[in-house]
1. Using only the Cα atoms of the stretch 127-197, what do you get for the radius of gyration and for Dmax, in Å?
2. Per residue of the stretch 254-259, what does 6.51 cos²θ - 1.76 cosθ + 1.60 with θ = phi - 60° give for ³J(HN,Hα)? Whole Hz please, x for Gly and Pro, Karplus curve as stated.
3. Under a crude label model (7 Å from the Cα following the beta-carbon direction), how far is E17 from D167 in nanometres?
4. Could you tell me the accessible area of T284 in Å² (1.4 Å probe, neighbours in place), rounded to the nearest ten?
5. Spelling out what I want: for every residue of the stretch 313-325, take phi, set θ = phi - 60°, compute 6.51 cos²θ - 1.76 cosθ + 1.60 (Karplus), and round to whole Hz; glycine and proline get x.
6. If a paramagnetic tag sat 7 Å from the Cα of N149 along the Cα-Cβ line, which residues of the stretch 162-178 would have the backbone N under 17 Å from that point?
7. Run the quick spin-label model on T223 and R135: label points 7 Å from Cα toward the beta carbon, then report their separation in nm to one decimal.
8. So what does C203 come to for accessible area, using a 1.4 Å probe and Å² rounded to 10?
Amino acid sequence: PSDVEVQIESDGGDLPELDESGALNIPTDDGGVIVQFPGAFSPASANEDHDQNLAEVLDEGQLGLIGDDLVRGIDQDEQDRSKYVNNRAKGIDLLALALESPRSDAGAGSSMEGMSSVRNPLLLEAVLRFQANARGELLPSGGPVKVKNDGFSGVQIDQDATLLERDMNAYLTVTATEYYPDTDKMLFSVGFGGCGFKKVYHCPLDRRPKSESVDAKDLIVPTNATHLRSASRITQQIQMDPNTVRRMQLLGVYRDVELTEPMSSPANAVDAKIAQVSGQAPSTTRPEDRDFTLYECYCNLDLPGFEDVGEDGEPTGLKLPYKVTIDKDTKQVFEIRRNWDA
């Protein structure tokens, strides 16, 4: 084809220019220059939503392989930590919260009946004392946030720090009304189990940031992980009622697929012990009231069609971080989203 010459009429201002490196220099009205480097913009990258649900574009075969592989890995993580879960369930007995019926240890047919079972509430007292002290320090009535300026001093910076502290405290005490009771519950778990976890995210249902505690029994990690940042996968087990799952589908958070009736999955040892102490059944027998058991897994994947590529344009084989939500019973993938900044 023949060359095409394009003439652009100027209004007297400076025109964009290409420098020696191929970067586009675009003058602005205020005398500045916008530098656009080669490859920084393309129609494909502009039309692609970084936060899109990739489960919507992958085929069912690929999703089936991803769901099956992740669930098998998570089940193995659950088996590897089974002794820890059983030990924690036994620790609940040491809290002396259950009312135990009198029993006889003299053997069958013995006339010795009505022997009482007494447990020392020393552990419960220590845990409650820790919870009360921690709540007084971390959850004061005026708000938990304290802002200190360790950088450049100045009147404006100090005023900004004061405003930030006031606004954050107002948010956590007035808007996010669940923050205080949820954190208070977590402090009891810290005193009893020695660890507490917080999940901070933007809730699509409440349409605002939330900070929720995650119980250790619902946080599943491989046993070879020395730190959460180095874990090959981090999984949160979530109990979600069918109506909430449907709301998440209608909001576009989860893939809009047909939902099957939740199965009556057996509770772990900790859930069973908590139900026993509180006098409740481990799970409901009414199918309509059963919750879905979801796995929200933060893991590394090499997705077909979304591979990491090198400077030569070829896939590097490097796995990238994603957030994957799966139904435990059916292994149906509801959500796959990139877990890095755009």
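1. 15.0, 45
2. With the stated coefficients, the stretch 254-259 comes to 9, 5, 7, 10, 5, 8 Hz.
3. Placing both labels 7 Å along Cα→Cβ, they lie 4.1 nm apart.
4. 50 Å²
5. Here the 3J(HN,Hα) series is x, 9, x, 8, x, 6, 7, 10, x, 9, 10, 10, 10 Hz.
6. Once the point is set 7 Å along Cα→Cβ of N149, 162-168 turn out to lie under 17 Å by backbone N, inside the stretch 162-178.
7. Going by the 7 Å Cα→Cβ label model, 3.7 nm.
8. Counting only protein heavy atoms, the figure is 10 Å².
The values are calculated or read from the model by the stated rules, or taken from the named source; none is laboratory data. Just so we're clear, the structure is a prediction, and the values are computed from it rather than from any experiment. Using ideal geometry, Cβ is built from the backbone for each residue, glycine included, and neighbour counts are taken over all protein chains shown. Areas reflect the complete protein model, heavy atoms only, side chains present, ligands, DNA and RNA absent. Shrake-Rupley method; radii C 1.70, N 1.55, O 1.52, S 1.80 Å.
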